[in-house]
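Here is the structure we will look at.
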Amino acid sequence: MTEMRTLKVALLGCGNVGAQVARILLEDADALAARAGARLQLSGIAVRNVNSKRDVELPQELFTTDAETLVKDADLVIELMGGIEPARTLILTALRNGACVVTGNKALLAQDGPTLYEAADKAGVQLSYEAAVAGAIPILRPIRDSLSGDRITRVLGIVNGTTNFILDQMDSTGAQFADALAEAQRLGYAEADPTADVEGYDAAAKAAILASLSFHTRFALENVHCEGISAVTASDIAAAKDAGFVIKLLAIAEKLTGSHGKEGVSVRVHPTLLPREHPLAAVRGAFNAVFIEAENAGELMFYGQGAGGTPTASAVMGDLVSAARRLVLGGPQRTETTTGHVPALPIEAATTSYYIGLDVADQPGVLARIAQLFAEHGVSIEIMRQTIHRDAESNVESAELRIVTHRASEAALAATVEAVKGLDVINSVTSVLRVEGV
Ligand code: NAP
């Protein structure tokens, strides 16, 4: 019987995720060897401070601050330091030395992914990053491998647990955004500086990755239209609820025919109304889910924990075993297929349904005037609901109008809203939100 090969694994970072990866590598060594076809030997762990207290008890002799030397002697490198540098340089060094790299660093991939993918292709080694999108959920490999014989038409993802937690809190308790954010921070779901999450930047980085793999074309962060949730109010949520919707921050990548009849991909992140019966509406708390529509497979949904040390370590280990198997089998490794060249469409080309809230004067003929104005702009109305309010002090009545449109282009909608604002019977446009799944 031939002796099993040993592959040296360098781990960069031993924080929330890295410590769990180290634990699994040491605890499950035999099972991992059986699955990978090679023993995965943890050769060292690079950190900033070798004496820091860790979540997991690990042999002290594994720790080093010399990440560069560790990387140069490894067959497989796991980067879980986060940030841009030195992670970027260390990954490039590893790839150029012929090591396969596994990372969860979505910030780095969003900023400089193409440089890393090209370095991996050039060296003929694997660069895997399942943990970078939706934590534990196996989503990138299903898109890249399982669906490689199909055509994906649309991806809708709840890929940021912090914002899903905040919106879920607002929906279930009626809280304002600031109070729901404070609760998320108290429970450890949101960071002290929550900007990357609440402004949608983290979701945008993931949207670019999902779009690139789904449409075999490299999309960068600047191709993603991004709106966060900080402007979503308790009254938006209440009105949406009343009309049978829930508001979610969605990362969307979909194939569309833009103006001039040219096909392209719209990649965007924004708060979105979903009918309460849509499968993504049931994703509560800090959970993540990705909903895929493909020509032949139809609708698919992947659901699970989008963050956390142990769940994310599961995705890292899947990539590691897969890369090790490929090293054992030999032959060229492939990072991604960028065979397509579908252009990214600007947000103006996106078509969705819209929810529009209007505060209007309670006068005869108002509804007809508004409906006519929508028709003139080519935006057709699916639902129009009116609620009458009486101001207790002035005794003046006003009406709250809630409109859901059929699919229309952003450009047509923007022109309609501008025209509506100009009507003398409109007190204010209280909200304009996009709707999916109707
Ligand atoms: P973390 O807890 O902050 O841990 C970072 C680790 O990297 C620490 O052990 C730190 O060393 C080490 N490190 C940082 N800078 C270093 C440097 N310049 N040189 C050497 N070591 C350095 O991070 P994490 O939460 O585990 O996240 C790791 C990566 O996974 C990030 O890219 C993150 O975006 C991604 N990710 C995380 C999650 C999650 O749930 N946490 C989910 C998906 C993806 P010291 O311990 O000595 O300070």
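The values are calculated or read from the model by the stated rules, or taken from the named source; none is laboratory data. Small disclaimer: the values here were computed from a predicted structure and weren't measured. As a convention, Cβ positions derive from the backbone with ideal geometry for all residues, glycine included, and neighbour counts pool all protein chains shown. For the accessible areas, the whole protein counts, side chains as well, though only heavy atoms, and no ligand, DNA or RNA atoms are used. Shrake-Rupley method; radii C 1.70, N 1.55, O 1.52, S 1.80 Å.
Details
- Karplus 3J(HN,Hα) series, Hz, for the range 171-183 with 6.51 cos²θ - 1.76 cosθ + 1.60 (x for Gly, Pro): 5, 8, 10, x, 5, 6, 3, 4, 6, 5, 5, 4, 5
- By the Kirkwood approach, averaging reciprocal distances over each pair of separate Cα atoms, the range 81-238 gets a hydrodynamic radius of 17.1 Å.
- For the options S230, S398, S52, a Gaussian network treatment of the chain with springs between C-alpha atoms closer than 10 Å singles out S52 as fluctuating the most.
- Computed lengthening from R276 to R141, 0.36 nm per intervening residue step minus Cα-Cα distance: 45.7 nm
- Using alpha carbons only: equivalent-ellipsoid semi-axes of the range 33-110, gyration tensor based, whole Å: 19, 18, 13
- Lysines with Cα under 21 Å of K8, excluding same-chain neighbours fewer than 8 positions away: K72
- Across T93, T195, the residue with the most accessible area heads the list, and the full order at a 1.4 Å probe is T195, T93.
- Residue-by-residue Karplus 3J(HN,Hα) for the range 275-292, coefficients 6.51, -1.76, 1.60, Hz, glycine and proline x: x, 4, 8, 5, x, 6, 5, 7, 7, 9, x, 8, 6, 10, 7, 10, 10, 10
- HN-Hα J in Hz across the range 188-196 - Karplus 6.51, -1.76, 1.60, θ = phi - 60°, x for Gly and Pro: x, 7, 10, 7, 4, 9, x, 3, 4
- Remark: the R284-E393 segment gains 35.2 nm on full extension, using 0.36 nm per residue and subtracting the alpha carbon distance.
- Most fluctuating residue given options V379, V77, V366, as computed from a GNM of the chain linking Cα atoms under 10 Å: V366
- Residue among N427, N395, N160 with the largest mean-square fluctuation in a Gaussian network model of the chain, springs linking Cα atoms under 10 Å: N395
- The separation of the range 221-240 from the range 164-213, counted between C-alpha centres, amounts to 10 Å.
- Dipole size of the range 1-52 about its Cα centre, with +1 on Lys/Arg Cβ and -1 on Asp/Glu Cβ: approximately 180 debye, rounded to the nearest 20.
- Shape category assigned to the range 95-168 from the gyration tensor of Cα positions, a/c cut at 1.5: oblate
- Whole-Å semi-axes of the range 140-306's equivalent ellipsoid (Cα gyration tensor): 28, 16, 15
- Range in the chain, longest, excluding exposed GluC sites (Glu not before Pro) [loop by DSSP; at most 15 other beta-carbon atoms within 10 Å]: 58-190
- Dipole magnitude of the chain, debye to nearest 20 (Cβ charges: Lys/Arg +1, Asp/Glu -1, about Cα centre): 1240
- When both the range 1-51 and the range 327-396 are represented by their alpha-carbon centers, they are found 48 Å apart.
- Shape index of the chain: Rg/Rh, with Rg the Cα radius of gyration and Rh the Kirkwood radius from the inverse mean 1/r over Cα pairs, equals 1.05.
- Solvent-accessible surface ranking, highest first, for H377, H278, H270 at 1.4 angstrom: H377, H278, H270
- Think of each Lys and Arg Cβ as +1 and each Asp and Glu Cβ as -1; about the Cα centre, that makes the dipole of the range 140-306 roughly 440 debye.
- Antiparallel content of DSSP bridges confined to the chain, in %, to 5: 70
- Overall form of the range 350-435: prolate. Here a/c, set by the Cα gyration tensor axes a ≥ b ≥ c, is 1.5 or more, and a/b is the larger of a/b and b/c.
- Two-site FRET efficiency, R385 against A31, from Cβ-Cβ distance with R₀ of 45 Å, rounded to 0.05: 0.20
- Whole-Å distance, taken between Cα centres, linking the range 82-151 and the range 410-438: 41
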